[in-house]
Amino acid sequence: MPLVEVKGLEKRYRVGEMEVPVLRGIDLEIEEGDFVALMGPSGCGKSTFMNILGCLDRPSDGTILLQGRDLGRLSDRDLARIRRDEIGFVFQRFHLIGRISNLMNVELPMTFKELPKEERRDRAKELLEAVGLGGRLGFSPTNLSGGERQRVAIARALANDPSVILADEPTGNLDQKSRREIIEIMKGLNREGRTIIMVTHDAETTESCSRVIWMRDGRIQEGAS
């Protein structure tokens, strides 16, 4: 069974008296362990698709299955649990909390699972050390470079050991050196068996991906692999 199975997925938004179609019948399967790059021009539906997969929005029609569960039929509470336990988010703008330490930023997702404090602290340290920031545990994200902030964000995404990592332009705000470092980290996570779905406009980053899927006008383009 695919990790993600999408059938006839449609999403429409109402603007005044008009319905605006954004996703127009997407069919797609993503296997466990895939490293998928999702590409396409701005406005083609990539972010909408990622929001539905990330349990932040619901489809208008069609189905999207994560490990066999139809996300469109789950309650808000169940969707929140899936976001917490099974999906790791990495954003272009990091979305870290500047007034707390890097260690606390990584601990934060684990507090919602009510893990013991010592277990949270130990895991957060381990994850930050794994991304090369063992010497920056007590620093604030505001004292880090963009590349270092994205490493903290990756560590935070891994905190609850998710089934899939959704990365939305994770290298978009970084310089060339930092971009390569972040992609190397993502490649390493994929080699460990992590499933990664990454929105990107950077063709260079797709060289490490097992699949590149193109979107245009709310559809998967023919011939996408």
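What to note about this one:
- Here GLY62, GLY68, GLY98, GLY72 are screened, and the one residue that is in contact with a strand residue (DSSP E or B) (Cβ under 7 Å, 6 or more places away or on another chain) and touching a residue at least 40 places away in the same chain (Cβ under 8 Å) is GLY62.
- Exclusive hit being over 22 Å from ALA80 (Cα atoms), crowded, with 18+ Cβ neighbours inside 10 Å and either of a type outside the set (Lys, Arg) or touching a His at 6+ places or on another chain (Cβ under 6 Å) (or both), set SER178, SER145, SER140, SER210: SER178
- Filtering the range 180-215 to residues that are among the small types (Gly, Ala, Ser) and either over 16 Å from GLY88 (Cβ atoms) or touching a residue at least 12 places away in the same chain (Cβ under 8 Å) (or both) leaves GLY193, ALA203, SER208, SER210.
- Single condition GLU181 does not satisfy, out of (1) in a loop (DSSP other than H, G, I, E, B); (2) over 13 Å from GLY33 (Cβ atoms): (1)
- Verdict on ARG99 being under 27 Å from GLY147 (Cα atoms), loosely packed, with under 14 Cβ neighbours inside 10 Å and modelled with pLDDT under 95: yes
- Selection count, the range 4-39, where residues are at pLDDT 95 or above and outside any strand (DSSP E or B): 4
Table: residues versus (1) touching a helix residue (DSSP H, G or I) at 6+ places or on another chain (Cβ under 9 Å); (2) closer than 24 Å to ARG194 by Cβ; (3) surrounded by 15 or more Cβ atoms within 10 Å (Cβ to Cβ).
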{"site": "VAL4", "(1), (2), (3)": "yes, yes, yes"}
{"site": "VAL20", "(1), (2), (3)": "no, no, no"}
{"site": "ILE26", "(1), (2), (3)": "yes, yes, yes"}
{"site": "LEU38", "(1), (2), (3)": "yes, yes, yes"}
{"site": "GLY43", "(1), (2), (3)": "no, no, no"}
{"site": "ASP57", "(1), (2), (3)": "yes, yes, yes"}
{"site": "ASP70", "(1), (2), (3)": "no, yes, no"}
{"site": "ARG83", "(1), (2), (3)": "no, yes, yes"}
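- Count - residues of the range 187-202 that are in a helix (DSSP H, G or I), in contact with a strand residue (DSSP E or B) (Cβ under 8 Å, 6 or more places away or on another chain) and farther than 15 Å from ASP34 by Cβ: 0
- Evaluating LYS117 against the criteria (1) touching a helix residue (DSSP H, G or I) at 6+ places or on another chain (Cβ under 9 Å); (2) more than 20 Å from ARG93 (Cα to Cα); (3) in contact (Cβ under 8 Å) with a residue 12 or more places away in the chain leaves one unmet condition, (3).
- Hey, ALA167 at pLDDT 95 or above, out of contact with any helix residue (DSSP H, G or I) (no Cβ under 8 Å at 6 or more places or on another chain) and closer than 25 Å to GLU86 by Cβ or not: no
The values are calculated or read from the model by the stated rules, or taken from the named source; none is laboratory data. These numbers come from a predicted model, not from an experiment. Positions of Cβ are generated from backbone atoms using ideal geometry, with glycine treated the same way; all protein chains shown enter the neighbour counts.
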